[in-house]
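Colleague: Below: one structure in structure tokens.
The values are calculated or read from the model by the stated rules, or taken from the named source; none is laboratory data. As the structure is a computational prediction, the values presented were derived from the model and not from experiment. All Cβ positions, glycine included, derive from the backbone under ideal geometry; neighbour counts span all protein chains shown.
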Amino acid sequence: MSLPACATWLTARGAPPATHPGRAILAALTLSAAACVRAADSPGPAYPQGAAAFQANCAICHGPTGAGVASLAPPLLAYPARYAASAEGRRQLALTVLYGMFGEITVGDSRYNFQMPEFVRLDDTTLAAVLNFLVFDLGHAPAQTAPVSASEIAAERAHPLDGAAVREHRQSVLASGT
């Protein structure tokens, strides 16, 4: 990573400015250098097509890192990986990206009452890639978790639901302990 790119990267992450006096400068430089090395050495996403589709379609509401946007859309860092571990959870993932969801939900300690749009216009391969990006790249699901397949998306595409029914299905998945 070039020095100007590193400086931009650090500034975007709230690194202290170089005008801090004394030891704060040394500490900031040490931490900043370590952060630059990690950023330069970190591999790209395992699902780059999913990452690109997420940025183009989902990040506007859920944030570029999937951490959610307060009072707008919930974080996507835990539930997708959890859902991917069960058949009904995997179905929930497919239903959500295909048909959206609306109504009140709780994620963590926060309540959201929103209308997630449907993404039925996107092909099954793209939707599976987005879900795999969420499950593995953002959610860090265990290696034994199977990737979501385009055929799983296609199976749910054959049985359209509205966003309220998707939310109801989510409630049943959560009630089952998934």
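Colleague: Phe102 - would you say it is under 10 Å from the mean Cα position of the chain (by Cα) and either more than 24 Å from Gly177 (Cα to Cα) or surrounded by 15 or more Cβ atoms within 10 Å (Cβ to Cβ) (or both)?
Modeller: no
Colleague: Next question. Restricting to region 147-178, count the residues that are assigned to a loop (DSSP other than H, G, I, E, B) and more than 17 Å from the chain's Cα centre (by Cα).
Modeller: Residues meeting the conditions: 9.
Colleague: Across region 156-178, what is the number of residues that are closer than 18 Å to Arg121 by Cβ and either surrounded by 14 or more Cβ atoms within 10 Å (Cβ to Cβ) or of a type outside the set (A, V, I, L, M) (or both)? Please lay out each step first, then the result.
Modeller: Looking only at region 156-178, we keep the residues that are closer than 18 Å to Arg121 by Cβ, and these are 156-163, 166.
Now drop any that are not either surrounded by 14 or more Cβ atoms within 10 Å (Cβ to Cβ) or of a type outside the set (A, V, I, L, M) (or both), which leaves 156-157, 159-163, 166.
Of the residues in region 156-178, 8 are closer than 18 Å to Arg121 by Cβ and either surrounded by 14 or more Cβ atoms within 10 Å (Cβ to Cβ) or of a type outside the set (A, V, I, L, M) (or both).
Colleague: Something else about it: Looking at region 106-123, can you tell me whether even one residue there is out of contact with any Leu (no Cβ under 9 Å at 6 or more places or on another chain), under 16 Å from Val69 (Cβ atoms), crowded, with 18+ Cβ neighbours inside 10 Å and of a type in the set (A, V, I, L, M)?
Modeller: Scanning region 106-123 turns up at least one residue that is out of contact with any Leu (no Cβ under 9 Å at 6 or more places or on another chain), under 16 Å from Val69 (Cβ atoms), crowded, with 18+ Cβ neighbours inside 10 Å and of a type in the set (A, V, I, L, M).
Colleague: Tell me, which residue of region 132-144 that is over 13 Å from His62 (Cβ atoms) and crowded, with 18+ Cβ neighbours inside 10 Å is farthest from the chain's Cα centre (by Cα)?
Modeller: Ala141
Colleague: With respect to Arg91, determine if the residue is more than 16 Å from Leu138 (Cα to Cα), modelled with pLDDT of 95 or more and over 10 Å from the mean Cα position of the chain (by Cα).
Modeller: yes
Colleague: Give me the residue from region 105-131 that is in a strand (DSSP E or B) and more than 15 Å from the chain's Cα centre (by Cα) and, out of that set, farthest from Gly163 (Cα to Cα).
Modeller: Step one: filter region 105-131 for residues in a strand (DSSP E or B), giving 105-107, 110-116.
Still in the list and also more than 15 Å from the chain's Cα centre (by Cα): 105-106, 110-115.
Working: Ile105: 12, Thr106: 16, Ser110: 20, Arg111: 17, Tyr112: 14, Asn113: 12, Phe114: 10, Gln115: 8 Å.
It comes out as Ser110.
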